[in-house]
Amino acid sequence: MAQTTGKAEAALDPQQLMQMSMSFTSSRILSAAVRLDIFSPLASGPKTAAAAAKAVGASERGTRMLLDALTALQLLNKSGGEYSLTPAAAQYLVRGSRDYMGAVMADDSLRETWDKLDEAIRTGRPQRRVEGQAAAEKFFPLLIASLHVLNRAPAALTAQALGTGTERRRNLRVLDVACGSGVWGIAVAEADPGAHLTFQDFPGVLEHTKQYVKRHGLEKRADYLPGDLKQVDFGEGRYDVALLGNIVHSEGEASSRDLFRRLHRALRPEGQLAVIDILPNEERTGPPWAVVFALNMLVNTSDGDTYTLDEYRGWLTDAGFARVETAEIGSHSPLVVGVK
């Protein structure tokens, strides 16, 4: 992971400070564009601002300004007064695309919690808790589609790092905890044709998981374990691999330590607990995404945070894992693996 010292190399000037204070504008432009569905009409070919405005039922003046801003943000191209999609916009921002990521971008609930950041810092309490069942079953289906696309490549590298499909690591029994779309478990199944998957999550989320399992043709190799990860019985000695894909940061230390202990019990000898998450450096001075995401947990969860590699090593060792390994998976943070 990239390390930072926490010392600014050069003082920010007033212009940079003003740009920082206005950095929210990019997210609001993207959100407005997705809500208006401005990208979909352009999928059939380049259009003028007037034609795009007519297609989405908006003013020509406002649409022209929006299209120009999207061009500056490299989401559109402009030539001869006509606007066209970039490859990224065509793949991720056109409704109906297999890789559409717009649903969560159009949702304002994350922004609204960040608007209360000062209050959360003052009280240490969030405005909402996304880890509870009711909130999770409402919010995470919006997030699932984006995370499935975002995590496909790291998930494939995770399966590879775990040795999936090799002579010693085949026909695996796999538990995907708080699975969401099931992207991490699906990657293991695709690397190991003999693997059997158990997907665990809240019942309302699992209904969406099943759609992805069907999309990948894995219905006959999957079963489901509905419930709250804090309470569900994972059993003893059942699994070769347990996957925690971006879960620990919303659980907090106490819940995660308990979860590690219960998953250690659920694994067979030499079983692997794979932890995929967002790790800051040991001094918590960076990388920026890791320390900013900790604040995202402050405003959205009761106990969530981001945790360092040394913290994970300590918790996994305390849970009984014989060794802790890491691997790069082409993401912001390394894969952390506890081996029973």
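All of the numbers you see were taken from the coordinates with simple rules; none came from a lab. Note that the coordinates shown come from a computational prediction; the quantities given were computed from them, not determined experimentally. Virtual Cβ from ideal backbone geometry, glycine too; neighbours counted across all protein chains shown.
Consider the candidate values (i) 1.49; (ii) 1.09; (iii) 1.15; state which one is Cα Rg over 2.2 N^0.38 Å computed from the structure displayed.
Among (i) 1.49; (ii) 1.09; (iii) 1.15, the one derived from this structure is (ii).
So which residue, out of 104, 232, 275, gets the largest mean-square fluctuation from a GNM of the chain using Cα contacts under 10 Å as springs?
Comparing 104, 232, 275 in a Gaussian network model of the chain, the most mobile one is 232.
Pull up the cross-link candidates among the lysines for residue 47, meaning alpha carbon to alpha carbon under 28 Å and not fewer than 8 places away within one chain.
Cα-Cα hits under 28 Å: 78.
For the stretch 133-339, give me the percentage of DSSP beta bridges that are antiparallel, rounded to the nearest 5 percent.
Percentage antiparallel, nearest 5: 30.
Whose amide H sits under 5 Å from the amide H of residue 242, counting only residues 5 or more places off or on another chain, with H placed in the peptide plane?
175, 272, 273, 274
Given a Förster distance of 51 Å, report the FRET efficiency between residue 231 and residue 56 from their Cβ-Cβ distance, rounded to the nearest 0.05.
On the way: r = 46 Å, r/R0 = 0.90.
Here the calculated transfer efficiency is 0.65.
State, to one decimal in nm, how far the label point of residue 22 lies from the label point of residue 308, with both points 7 Å from Cα in the Cβ direction.
It works out to 3.8 nm between the two label points.
Find, among the GluC sites (Glu not before Pro) in the stretch 235-277, those assigned to loop by DSSP (not H, G, I, E, B) with at most 14 other beta-carbon atoms within 10 angstrom. It would help to have the intermediate numbers written out before the result.
Working: sites: 236, 251, 253, 270; in loops: 236.
Sparse-neighbourhood loop GluC sites (Glu not before Pro): 236.
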